[in-house]
Each structure stands twice: as structure tokens, then as C-alpha cells.
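Worksheet: one structure, shown below.
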Amino acid sequence: MARRASKGVPNYTDDDLIFGPGGDVCLPERDDSGALVSSQVSRYNGHDLNATYQVVRYFSRVEGAFARIEHWRADIADPGFWLIHGADGSLNLYGRRTSSRIADPADMNRVAEWLLDESMNAVGEHILYEYKPEDHQGLAEDHPRNFRAQRYLSRVRYGNAKAHPVLYLWQEDSLDGLLWHFDLIFDYDQRDTRSDPPPEYDEQFTWPVRSDPHSSFAYGFELGNLRLCRQVLMFHHFPNELGEAPLLTRRLLLEHYQTALGYNLLSAAHSQAWDGTDWRRVDQQPPVQFQYTDFSLESGIYTPLEPMAGLNDGQQYQLVDLYGDGLPG
């Protein structure tokens with residue numbers, strides 16, 4: 001869920017247009033006078049929420065998924081979070097935690113994007129999404145830029161050992177002690193990329209700054225990308241069968257080619273798997289390889305504009321592209 005910024009910097013009010021998960025614009029429900037229609041909710045499916053929320057329903061401008069989209073917040077100053085009820089009985093929670101919100105570092109209430117926090121289906125199977133905030137590691141202490149608005153997907157947990165009928169994040173401390181059978185780890189060069197020894201579950205190194213950091217200012221603050229994902233790791237956790245430590249089973253290793261200007265281009269994707277024996281042999285498929293075609297920039301493809309008689313009398317004339325044949329700008 002994100003505020004639309006393609007037409008200008010958002011105002012960070014209820015008048016901003018919101019993009020839904022499918023990229024469609026979502027509009028809030030309003031009464032005949034234009035005021036938001038809201039309801040007060042303190043319990044959900046029989047579960048006490050320990051707070052009273054103001055809930056506003058949003059409607060997709062182009063209906064297709066037939067999902068119920070709701071924005072929840074505790075008060076008018078609260079940026080809140082989003083709850084989407086799928087037509088199949090699923091629930092998707094966006095921006096419940098501050099770690100899953102992209103907001104202005106100078107004012108955390110100015111939220112530009114609410115990232116997916118938790119999903120569950122109708123039978124109580126959950127998926128939990130975790131994000132690592134930008135911490136400026138690898139940058140000089142006196143660096144003039146602020147990149148702390150960025151969030152990087154770091155771990156996806158699923159396969160909860162016991163079905164649960166409500167979202168865990170209604171009460172965040174309910175996550176303590178949960179057993180998840182599967183962990184998908186997104187590694188930003190914090191672990192070994194070799195096959196022997198295989199990467200570990202915990203981070204081994206501090207994440208480095210990529211050679212081609214880039215930023216966007218569309219939201220009215222800097223949203224920079226300083227890190228580069230190097231590999232995606234799949235760990236299994238079955239304590240009775242495999243022991244207490246998570247066991248690495250698969251890896252997607254991303255290989256990049258760095259150009260002379262420092263830009264990183266994805267050159268190959270390696271799919272690898274470790275067998276279940278004590279030798280931990282590696283099996284891998286042929287990599288998917290990517291190639292890029294260079295181009296040479298041509299010069300002198302324009303025609304100089306000849307001076308036009310009668311337009312040099314000191315008046316302020318403007319040229320109009322009457323037939324739309326010119327280049328934008």
C-alpha cells in the first residue's frame with residue numbers, strides 16, 4: 001500500500017490517492033457531504049484488540065479481486081495500518097509495525113508506503129515478513145545524506161507448527177516462542193557466498209554499501225537503495241528430525257557484473273541445493289544467464305533552428321509544438 005507520488009509530492013492527508021497491492025487506485029468511502037465514513041472497532045473475530053481503532057473502508061477504482069480494503073488507526077494523527085480481506089478468506093496486514101513502514105525520517109507519521117507484514121489463510125496458516133531498516137553501516141559518520149527511510153526485506157517465515165485463527169500481529173508479543181518450519185533469508189552480502197562452507201543462518205559480516213547507490217525523492221524525502229541482495233537462502237527447522245539448528249536446503253545465488261562506471265547488472269542466477277547427508281553435497285542446476293547489448297550514443301542527429309524573421313523584436317515569444325512532433329522537455 002502506497003501513496004501516489006507520480007503527480008507530485010503527497011500531502012500526507014486523507015486526500016492523497018492510495019495505490020493498492022495490485023497497483024490500482026483505492027478511494028475511501030465518503031458520505032454525501034464528502035466526510036469519511038468510519039466505524040469504531042475494539043474486537044476482531046472475538047479477539048480483544050486492547051485498543052479502539054477508527055476503520056475506514058477503501059474501494060478499488062477498478063474492481064477485480066473483490067477484496068475488502070480497510071485502513072485502521074488509533075487516532076487522527078496515527079498513520080495506521082491496512083487490513084485486506086481476500087475473497088478466499090485470507091487476510092493480509094500491511095504496516096502494522098514501524099519496521100514495515102517507509103516514512104520520512106524527520107516525521108515518522110508521514111508514511112509513504114505500508115509494507116506487507118503478515119498473511120494468513122482461512123485455515124490458520126501464516127506468513128510473517130520481516131524488514132531490516134537502513135542503519136548507515138559503511139558510511140562515514142559525517143555523511144550529509146539520510147537514507148534511514150529505506151526498508152529491506154530480510155526474512156520471510158512460514159509453516160507455523162500450529163494453526164492459529166487470528167493474526168499474530170494483533171498482539172506482537174505472541175510471536176515469542178513460535179516455531180516456524182521454513183525461513184527464507186534475503187542476504188545483502190552479510191554471509192558467505194561460497195558453497196563450502198555453506199552460508200550460516202545468522203549474519204556473519206556487516207552489510208557493505210553497493211557500488212551504485214541510487215535514490216528517489218518522489219515522496220518528499222530521500223528514499224535510497226544502498227544495499228544489493230546477493231543470495232536468497234532457504235532454511236528448514238524441524239527440531240525432532242533435523243536438530244535444533246536451522247538447516248540450509250536451497251539457495252538462489254545472484255551473480256552481478258559491474259560495469260566500468262560501477263553499475264551492477266545481474267549476470268547469472270544459480271539455483272543450488274544441499275542434500276540431507278552428513279557430507280552436505282551441493283547439487284545445482286545450470287545457471288540462468290543474462291547478457292546486455294551495448295549501444296553507441298549517436299551525436300549530431302538534430303537540426304539547428306534557423307533564426308526566424310520578425311521574432312527578434314524584444315518581445316517574449318514561445319514556440320508551440322502544434323502537431324506534437326517534438327521531443328518532450
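Every read-out reported here was derived from the displayed coordinates using simple, explicitly stated rules and does not represent laboratory data. Values in this document were obtained by computation on a predicted structure and should not be read as measured data. Reconstructed Cβ throughout: ideal geometry from the backbone, glycine too, with neighbour counts over all protein chains shown.
Taking amide hydrogens as placed 1.01 Å from N in the peptide plane, the amide H of residue 188 sits under 5 Å from those of 230, each at least 5 positions away in sequence or on another chain. Taking θ as phi - 60° and the Karplus parameters 6.51, -1.76 and 1.60, the scalar couplings of the stretch 132-146 work out to 9, x, 5, 10, 6, 5, x, 9, 5, 4, 9, 4, x, 9, 10 Hz in sequence order, x denoting glycine and proline. Normalised size of the stretch 52-99, defined as Cα radius of gyration per 2.2 N^0.38 Å with N residues, equals 1.21.
Highest mean first, the peptides 33-41, 50-58 sorted by other C-beta atoms within 10 Å per residue fall in the order 50-58, 33-41. Less than 5 angstrom separates the built amide H of residue 103 from those of 112, all sequence-distant by 5 or more or on a different chain. Comparing 18, 76, 84 in a Gaussian network model of the chain where C-alpha atoms under 10 Å apart are linked, the largest mean-square fluctuation is found at 76.
Annotation: amide H-H contacts under 5 Å for residue 200 (H modelled 1.01 Å from N, sequence separation of 5 or more, or interchain): 192. When the chain is treated as a GNM with alpha-carbon contacts under 10 Å, the residue of 24, 196, 104 showing the greatest mean-square fluctuation is 196. The share of Cα pairs per 5 Å bin across the stretch 1-67, counted from zero up to the longest distance, runs 3, 15, 19, 19, 19, 16, 6, 1, 0 percent. Loop-resident GluC sites (Glu not before Pro) (DSSP state other than H, G, I, E or B) in the stretch 194-263 with no more than 12 further Cβ atoms inside 10 Å of their Cβ: 244. Taking the number of Cβ atoms within 10 Å of each Cβ as an exposure proxy, the fewest-first ranking of 26, 229 is 229, 26. In plain terms, the C-alpha convex hull of the stretch 2-289 casts an average shadow of 18.8 nm² when viewed from every direction. Evaluating 6.51 cos²θ - 1.76 cosθ + 1.60 at θ = phi - 60° for every residue in the stretch 192-200, the Karplus couplings come out as 5, 9, 6, 8, 9, x, x, x, 8 Hz, glycine and proline recorded as x.
Taking the average, over residues, of other Cβ atoms within 10 Å as the packing measure, peptides 307-315, 259-267 rank 259-267, 307-315 from highest down. Mean residue ellipticity, 222 nm, helices only, the chain: the sum of -39500 (n - 2.57) across DSSP H runs of n ≥ 4, divided by residue count and rounded to 500, is 0 deg cm²/dmol.
For the stretch 193-214 versus the stretch 1-60, the inter-centroid distance based on Cα atoms is 39 Å.
Taken one residue at a time, the phi angles of the stretch 155-167 give Karplus couplings (6.51, -1.76, 1.60, θ = phi - 60°) of 8, 10, 10, 8, x, 4, 5, 10, 5, 9, x, 10, 5 Hz. Gly and Pro are set to x.
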